[in-house]
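A.B. asks: Sending over a structure as structure tokens; questions will come in a sec.
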Amino acid sequence: MAEFVKLNPDALEELRTMNPRLISYNVEMTEVTGGTFWKAYTDAQIEGTEPVPPPDFSKGMGAMHQWYDPIDTTNPKLIKLAKELGSCWVRVSGTWATRTYYDFEGTGMPEGYNNHLRKEQWVNLCNFVKAVGGKLKISVANCDGLHSHDEPWNPSQAEKIFALSKELGCPIEAVEFVNEPNMLKNTGFPKDYTAADFRRDQDIFHKWVRENYPECLIVGPSDTDPGAMAVDAWGKPHPWAEGMSADTAGIAAALAYCSTADLMDGCTEKLDVFSYHYYNGVSERMAAMMPSAFTPAEGAMSEEYLGAAGHTARCFASYRDRYCPGGEMWVTESGDAGAGGHTWASTYLEVPRTLNEIGDFSTKTNGVIFHNTLASSDYGWLKHGSFDPRPSYFAVLLWKRLMGDTVYATGEPLREGAHVYAHNRKDGKPGKAYLVINSSWTEPTTVELPAEAEVYALTGSGKMRSRTMLLNGKELVLGTDNELPALDGVTVPAGKLEVAPGGCTFILL
């Protein structure tokens, strides 16, 4: 059924003011050093005409990964496109970071580490962060090369990377101890590491940071905790919850999963910011192992799928209130699906989910969402190697240019065909900025405009799985010398405006 939305800016109720770096991103440590990351999909898989075979897990995680050389963080095109996004947090972390040795003296990598960070690579990364006006956030090494599980963590490696970053004029301004610590057997920890070991070491690390770098924000625990997502803070279960519990039981045992409570109860050093990781289930790569957590392309605009971001925020809010009362929540790793993104992650079909996540999260809590990643794998905003922008890049760029930091309750319930969000105008002019997402595959949504408006209508180039996106009917591609296309709105008189099926339309009133 077609939906009707009547915009009434004067009736909006203010909810909160968001962190100005709400939209941020990851440059994973594996991208800085070179390393394994999620395999690229074939063109046919992206088109949806070729199935993704289930991985051969007898080969371990390597069945889903491939080797990538380091990304060139000195590349002018990369710097230009990242700078257009404005000041963001740049998070350098990931599982790869937990076993990375900081070889800033050029002496080589000792035993007990898997990954090798050279000084030039870190210098280039810090220069990139400064060039784009970013703020640096990392996690640190915590593996067999540093200590055994029955020995306390020590700061010999952390001091090297904190000191060099500060020397380079790019201080580490926020830090998580490690990435996804709830996967005790798969995150790079020392052999036989336990949750108790983690609690001991996290307290040691946080105390060290506060004594030596007191200006640095302490963020944590950076976990996933599938069990936490069963029932949200309002007592509402997600449709995935029951099936996910059954799907993940064997996987959780194999990875020695522990809960957020296991990681945090008894810790004496308090957090400045509570963090968690969130994806809309798993990609085709993991569908055979976790079928209830997988959504096929035809469900990519369903209420269950689009509602996952808000549900997860409500779930983790109770942990935030417990371990970091009054603090922000940061989603320090997010994307359309775990295990490297869906086959459609690089297409327009990912745009409704991307924009809805930002809008829905902002109505629930203050914080930051770190997209995984800026420029690697199929869910990167920029294509690996060429750095060509994907539809989701232009979508978040428009959000940053149009939507201010003040969030309003629209009074419109989220429903098929009408996900409506409202903020102040980023340009500082009087009025409001709306985003209307039409999540229907077939029916247009009618929006009644109370006055003349500036409209930015996003659609796919002829299909939802399009590799490019249209803005008011014009294709968004880079021009000569990688110049951005014009991102102008069109003036529409008061009256009725149609949002196409699957369309995402920004409206300035």
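A.B. asks: Kindly establish whether A297 is assigned by TED's automatic domain parsing to the domain that holds S392 and more than 17 Å from W399 (Cβ to Cβ). Can you show your working first?
C.D. replies: On the way: assigned by TED's automatic domain parsing to the domain that holds S392: yes; more than 17 Å from W399 (Cβ to Cβ): yes.
Considered against the rule, which asks whether it is assigned by TED's automatic domain parsing to the domain that holds S392 and more than 17 Å from W399 (Cβ to Cβ), A297 comes out as yes.
A.B. asks: Against the condition within 23 Å of the chain's Cα centre (by Cα) and buried (at least 21 other Cβ atoms within 10 Å of the Cβ), how does V499 come out, does it pass? Before the answer, list the steps.
C.D. replies: Values: within 23 Å of the chain's Cα centre (by Cα): no; buried (at least 21 other Cβ atoms within 10 Å of the Cβ): yes.
It is false that V499 is within 23 Å of the chain's Cα centre (by Cα) and buried (at least 21 other Cβ atoms within 10 Å of the Cβ).
A.B. asks: Scan the stretch 402-410 and give yes if some residue there is more than 20 Å from E303 (Cα to Cα) and in contact with a helix residue (DSSP H, G or I) (Cβ under 6 Å, 6 or more places away or on another chain), otherwise no.
C.D. replies: Checked the stretch 402-410: at least one residue is more than 20 Å from E303 (Cα to Cα) and in contact with a helix residue (DSSP H, G or I) (Cβ under 6 Å, 6 or more places away or on another chain).
A.B. asks: I've got another one for you. Could you go through the stretch 199-222 and let me know if any residue there is among the charged types (D, E, K, R), modelled with pLDDT of 95 or more and touching a Phe, Trp or Tyr at 6+ places or on another chain (Cβ under 9 Å). Let's see the steps before the verdict.
C.D. replies: If we filter the stretch 199-222 for residues that are among the charged types (D, E, K, R), which is where we start, we get 199-201, 203, 207, 210-211, 215.
Filter once more, keeping what is modelled with pLDDT of 95 or more: 199-201, 203, 207, 210-211, 215.
Filter again for touching a Phe, Trp or Tyr at 6+ places or on another chain (Cβ under 9 Å), leaving 200-201.
There is at least one residue in the stretch 199-222 that is among the charged types (D, E, K, R), modelled with pLDDT of 95 or more and touching a Phe, Trp or Tyr at 6+ places or on another chain (Cβ under 9 Å).
A.B. asks: Next question, about the same structure. Pull out all pairs, ordered by first then second residue, where Cβ-Cβ is under 8 Å, the residues are six or more apart or on different chains, the first lies in the stretch 472-490 and is surrounded by 11 or more Cβ atoms within 10 Å (Cβ to Cβ), and the second is of a type in the set (V, I, T).
C.D. replies: That search, which allows pairs on different chains as well, returns N472/V455; N472/V490; E475/T468; L476/T468; V477/T468; P485/V477; G489/V455; V490/V455.
A.B. asks: Still on this structure: If you check P291, P352, which single one turns out to be buried (at least 23 other Cβ atoms within 10 Å of the Cβ), over 19 Å from N26 (Cβ atoms) and of a type outside the set (D, E, K, R)? Give the derivation first.
C.D. replies: Details: P291 fails: buried (at least 23 other Cβ atoms within 10 Å of the Cβ).
Answer to the check: P352.
A.B. asks: Looking only at strands (runs of 3 or more DSSP E) that lie completely in the stretch 40-149, which have at least 2 residues being touching a strand residue (DSSP E or B) at 6+ places or on another chain (Cβ under 6 Å) and at pLDDT 95 or above? Steps first, answer last, please.
C.D. replies: Details: elements: 65-68, 89-92, 100-103, 115-118, 135-139.
Of the strands (runs of 3 or more DSSP E) lying wholly inside the stretch 40-149, those with at least 2 residues that are touching a strand residue (DSSP E or B) at 6+ places or on another chain (Cβ under 6 Å) and at pLDDT 95 or above span 89-92, 100-103, 115-118, 135-139.
The values are calculated or read from the model by the stated rules, or taken from the named source; none is laboratory data. Here the structure is a predicted model, which means the values were calculated and not measured. Counting neighbours? That spans all protein chains shown, and the Cβs are built from the backbone with ideal geometry, glycine included.
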